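A quick write-up on the structure given underneath.
The values are calculated or read from the model by the stated rules, or taken from the named source; none is laboratory data. Computed from a predicted model, the values in this text were never measured in an experiment. Note that we place each Cβ from the backbone using ideal geometry, even for glycine, and neighbour counts take in every protein chain shown.
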Amino acid sequence: MDTMTYIKETKELWQEKYANEPEFLQALTEFVDSIAPVLEEHPEYIENNILQLLAIPERIITFRVPWVDDNHRVHVNTGYRVQFNSTLGPYKGGLRFHPTVNQSILKFLGFEQIFKNALTSLPIGGGKGGSDFDPKGKSDHEIMRFCQSFMTELQKYIGPNMDIPAGDIGVGGREVGYLFGQYKRLRGFENGTITGKPLGFGGSLARTQATGYGAVYFIQEMLQTKDEELADKRVLVSGAGNVATYAVEKLQELGAIVVSVSDSNGFIIDENGIDVALLKDVKENRRERLTVYANEKASAKYFEGSVWNHDIQADLALPCATQNEVDENGAEQLVANGVRFISEGANMPLTAEATEYLLAHDVYIGPAKAANAGGVAVSALEMSQNSQRLSWDFDAVDTQLHEIMVDIYQAASNAAQKYGYGDNLIKGANIAAFIKIADAMVMQGIV
């Protein structure tokens, strides 16, 4: 079968099969067009039907999660673990607790995780999981009871040599601690079973900062390729969680001026630069909305809606909130604002239409599977420390993170150049990761 016929038939099958899973279908279709020249060069990938093998998870586990609130009422949520691809190593990927979680979102995230993990060159496969549980407004004891119930079922399917979950949206150090504690009660102390642990029992320094720092290291490489520096660049950032907060911290440490962060209700513009200490206090310690930041910082102004629809001049953008947060209207505003470089801190934060518009207007995009790989990279480094019964200092981990992000950039850039895509890092990242996984799948045999 020739390449274009194979791609056409594959996409038609996906359109029919995944019509009710829009996020997953978007991830598949955006990926497949990138790799046409690779399939042309490697007919063995078509002979072994690698695209279909990659699109179907090796295993999906769905389970109920009953828990009791502080008023003794019983609630039931749905838990998931998508064990997508173990070609390069045990499944690795975060757990997300958010009311929007469903199988389509987790399959999209797990699919992206396969390639993200491959780009790190560390021996880890791809997976994702979570629940439609909403931690907002819950007491510590309610979250503890939910996490214990969730892990009571999940522990049957994970382990340090099979599947290593981590945190994601709604799952921070508190939740990971509860999850690991329950795993330990049921299975014994296996330190490398879950990453993102607090430092007191096997966590890694720099893990909290890793995704945000990594996204900055990636855009720093993008700039240097064009003989530019981060210093004095104006930056728009969305989100106010770990990724956004530590992206802001590293950007400002390197001389950039970050003027925005956002949450689910709105965003703040602070022309003096975001006050990282105040942001951490409001979001991490007090768990308050950004309106509190605006009330306590005279230079900050709060707006409802999306920061991407706001008229404010900037050079760079780091969308660090959630998938599809930047639509075509947002893309048009970014171009009008003067943004020329984007590093995706969130997973698939640009819609397909937004991506197309930005590329057509010469905006240089660092795709999520490359730019936000820092978190999983340091998670894998945490696994290494756990295996050695060691704890590396912050600078050692951060240095390795920086080196990994530079290597990921080079792999994506080299692949884009080799296959005629110029500066298109989206296609380059897809190609570099796909070749690594596809070659391993062919060599391991189709089972």
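Condition check ((1) among the charged types (D, E, K, R); (2) in contact with a strand residue (DSSP E or B) (Cβ under 6 Å, 6 or more places away or on another chain); (3) under 27 Å from N285 (Cβ atoms)) across all residues:
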{"residue": "F133", "(1), (2), (3)": "no, yes, yes"}
{"residue": "G137", "(1), (2), (3)": "no, no, yes"}
{"residue": "S149", "(1), (2), (3)": "no, yes, no"}
{"residue": "T152", "(1), (2), (3)": "no, no, no"}
{"residue": "Q155", "(1), (2), (3)": "no, no, no"}
{"residue": "G159", "(1), (2), (3)": "no, no, no"}
Filtered residues of the range 342-355 (kept if in contact with a strand residue (DSSP E or B) (Cβ under 9 Å, 6 or more places away or on another chain) and surrounded by fewer than 24 Cβ atoms within 10 Å (Cβ to Cβ)): T351, T355
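Per-residue answers, yes or no, for (1) charged (D, E, K, R); (2) crowded, with 17+ Cβ neighbours inside 10 Å; (3) closer than 17 Å to Q26 by Cβ:
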position: H42; (1), (2), (3): no, yes, no
position: E47; (1), (2), (3): yes, no, no
position: L51; (1), (2), (3): no, yes, yes
position: T62; (1), (2), (3): no, no, no
position: N85; (1), (2), (3): no, yes, no
position: L106; (1), (2), (3): no, yes, yes
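What number of residues within the range 110-135 satisfy the criterion of being over 20 Å from I404 (Cα atoms) and either touching a helix residue (DSSP H, G or I) at 6+ places or on another chain (Cβ under 8 Å) or of a type in the set (K, R) (or both)? Walk me through it before giving the result.
Initial filter on the range 110-135 (over 20 Å from I404 (Cα atoms)): 110-111, 127-135.
If we keep only those that are either touching a helix residue (DSSP H, G or I) at 6+ places or on another chain (Cβ under 8 Å) or of a type in the set (K, R) (or both) as well, we get 111, 127-131, 133, 135.
Result for the range 110-135: 8.
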statement: Apart from one, (1) over 19 Å from I114 (Cβ atoms); (2) at pLDDT below 95; (3) under 19 Å from the mean Cα position of the chain (by Cα); (4) among the hydrophobic types (A, V, I, L, M, F, W, C) all hold for L390; the odd one out is (3)
statement: E403 meets each of (1) among the acidic types (D, E); (2) touching a helix residue (DSSP H, G or I) at 6+ places or on another chain (Cβ under 6 Å); (3) closer than 19 Å to K250 by Cα; (4) surrounded by fewer than 18 Cβ atoms within 10 Å (Cβ to Cβ) with one exception, condition (2)
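A quick yes/no check of all residues on (1) under 27 Å from V38 (Cα atoms); (2) buried (at least 23 other Cβ atoms within 10 Å of the Cβ); (3) not assigned by TED's automatic domain parsing to the domain that holds V258:
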residue: N337; (1), (2), (3): no, no, no
residue: L358; (1), (2), (3): yes, yes, no
residue: V363; (1), (2), (3): yes, no, no
residue: M383; (1), (2), (3): no, yes, yes
Count - residues of the range 258-276 that are outside any helix (DSSP H, G or I), surrounded by fewer than 20 Cβ atoms within 10 Å (Cβ to Cβ) and β-branched (V, I, T): 1
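Return a yes/no flag: does the range 320-327 have any residue that is within 24 Å of Y246 (Cα to Cα), over 19 Å from the mean Cα position of the chain (by Cα) and buried (at least 18 other Cβ atoms within 10 Å of the Cβ).
As a first pass, look at the range 320-327 and keep what is within 24 Å of Y246 (Cα to Cα): 320-326.
With the extra rule that they be over 19 Å from the mean Cα position of the chain (by Cα), the set shrinks to none.
No, the range 320-327 has no match at all.
With a cut-off of at least 1 residues that are touching a residue at least 12 places away in the same chain (Cβ under 8 Å) and among the polar types (S, T, N, Q), name the helices (runs of 4 or more DSSP H) lying wholly within the range 1-100. Write out each step before concluding.
Details: elements: 3-17, 22-32, 36-41, 43-47, 50-55.
By residue number, 3-17, 22-32, 50-55.
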- prompt: Does N347 count as free of Cβ contacts under 8 Å to residues at least 12 places away in the same chain and closer than 21 Å to V171 by Cβ?
  reply: no
